[in-house]
Amino acid sequence: MSELAQRGRNRAAVVTGASRGIGRAIVKRLAAEGYHVVANDIERQHEEMEKLRAEVEASGGRCDIAYADVSNPDDVASLAEYALARCGTIDVLVNNAGVLSVHKVEDIEPDEWDRMYDVNTKGTFMVTKALLGHFRQRKAGRIINIASIGGKRGGVGQAHYCSSKAAVISFTHILAMEVGLDGITVNAVCPGIIDTDMGRNNYRDEESLKKVIEKTTLGRLGYPEDVVGSVAFFASDDASFITGQALNVCGGIIFH
Ligand SMILES: NC(=O)c1ccc[n+]([C@@H]2O[C@H](COP(=O)([O-])OP(=O)(O)OC[C@H]3O[C@@H](n4cnc5c(N)ncnc54)[C@H](O)[C@@H]3O)[C@@H](O)[C@H]2O)c1
């Protein structure tokens with residue numbers, strides 16, 4: 001067995017928003033490292049989720065599926081209960097589920113504002129809270145929040161999304177301070193523009209794709225597989241002295 005495939009042996013991870021894009025790639029990477037993964041998404045995504053499970057199992061990994069809307073408190077309680085029942089212990093939580101829409105401030109309806117915060121911010125908080133007692137009891141745990149460079153720099157037409165992600169970064173800092181003495185680390189990954197259903201909102205034609213690429217130092221778009229290494233790293237023993245950080249994985253669009 002390769003060294004990589006050993007890293008997650010006897011470890012379990014919960015990944016939210018796993019049916020496609022970055023979450024899907026995270027599940028596949030952690031499963032390839034030997035983690036028993038509980039992959040979450042909303043029930044509507046069941047076809048994609050079944051495909052994901054089949055792909056993970058075909059390559060020798062373990063993947064359970066937990067349908068839950070991370071913005072619904074009852075669903076979140078069931079998700080945590082199911083994950084603990086399936087895995088016994090959980091080592092890693094990746095809060096990846098997210099939603100984006102694009103509107104100038106005067107066109108954002110209050111309900112749409114709430115939707116961004118309910119999924120991106122409150123969802124991250126609620127899933128974390130549901131597993132925090134378990135992590136504290138074990139005096140171990142890795143919490144990895146998928147934020148965004150938008151949470152640091154912002155983006156026109158995304159005030160609701162970017163501010164919800166800025167809140168995720170702030171939550172990451174504060175939670176890290178609260179739980180450090182219990183051996184739990186909390187970090188955020190801040191992707192740049194990544195080629196997913198969500199990411200494509202940033203480039204709807206060749207011209208805007210060219211502009212996006214020009215913003216990067218590395219001269220290319222990011223892909224979900226570009227993001228997973230940072231998540232695997234924060235989950236690994238190599239990152240045991242790193243907490244409260246928000247790492248940009250953006251091909252050099254921003255530097256702080
Ligand atoms: N793609 C990008 O350019 C980019 C950039 C920065 C940050 N991000 C962040 O990365 C994460 C993943 O984004 P992506 O690009 O893969 O997006 P995506 O839209 O391709 O995937 C998001 C996933 O979250 C799921 N989801 C949505 N609402 C949910 C809910 N209430 N409960 C459970 N699951 C839910 C969706 O069904 C989907 O599977 C998000 O948090 C996003 O904000 C993405």
Phi to ³J(HN,Hα) by Karplus 6.51 cos²θ - 1.76 cosθ + 1.60 over region 113-120, Hz, x for Gly, Pro = 4, 4, 4, 4, 5, 4, 7, 5
query = Residues of the chain: accessible area per residue at 1.4 Å, in Å²?
reply = 48 Å²
query = If you place +1 on the Cβ of every Lys and Arg and -1 on the Cβ of every Asp and Glu, how big does the dipole about the Cα centre of the chain come out, in debye to the nearest 20?
reply = 780 debye
message = To the nearest 20 Debye, how big is the dipole of region 153-256 about its Cα centre, given +1 on the beta carbon of each Lys and Arg and -1 on that of each Asp and Glu?
response = 440 debye
ask   = With charges set only on the Cβ (+1 for Lys and Arg, -1 for Asp and Glu), what does the dipole of region 86-222 come to about its Cα centre, in debye to the nearest 20?
value = 660 debye
inquiry  = Once you order the gyration tensor axes a ≥ b ≥ c over the Cα atoms, which shape class does region 13-128 get: rounded for a/c under 1.5, otherwise prolate or oblate by comparing a/b with b/c?
reply    = prolate
ask   = Between Val37 and residues 5 or more places away or on another chain, which pairs have amide H atoms under 5 Å apart, with H built 1.01 Å from N, and which residues are they?
value = Ala13, Arg62, Cys63, Asp64
task = Please build a GNM for the chain, connecting alpha carbons under 10 Å apart, and tell me which residue among Val99, Val14, Val228 fluctuates the most.
result = Val99
inquiry  = Classify region 97-256 from the C-alpha gyration tensor, please: rounded if a/c falls under 1.5, else prolate or oblate depending on whether a/b exceeds b/c.
reply    = oblate
task = May I have the count of lysine pairs in the chain with C-alpha atoms under 19 Å apart, counting pairs 8 or more residues apart or located on different chains?
result = 9
ask   = In the chain, what percent of the accessible surface is made up of carbon and sulfur (1.4 Å probe, ligands and nucleic acids excluded)?
value = 51 percent
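The values are calculated or read from the model by the stated rules, or taken from the named source; none is laboratory data. Remember, it's a predicted structure, so these values are computed and weren't measured experimentally. Glycine gets a Cβ as well: all are built from the backbone with ideal geometry, and neighbour counts include every protein chain shown. To get the accessible areas, we keep the full protein, side chains included, count just its heavy atoms, and leave off ligands, DNA and RNA. Shrake-Rupley method; radii C 1.70, N 1.55, O 1.52, S 1.80 Å.
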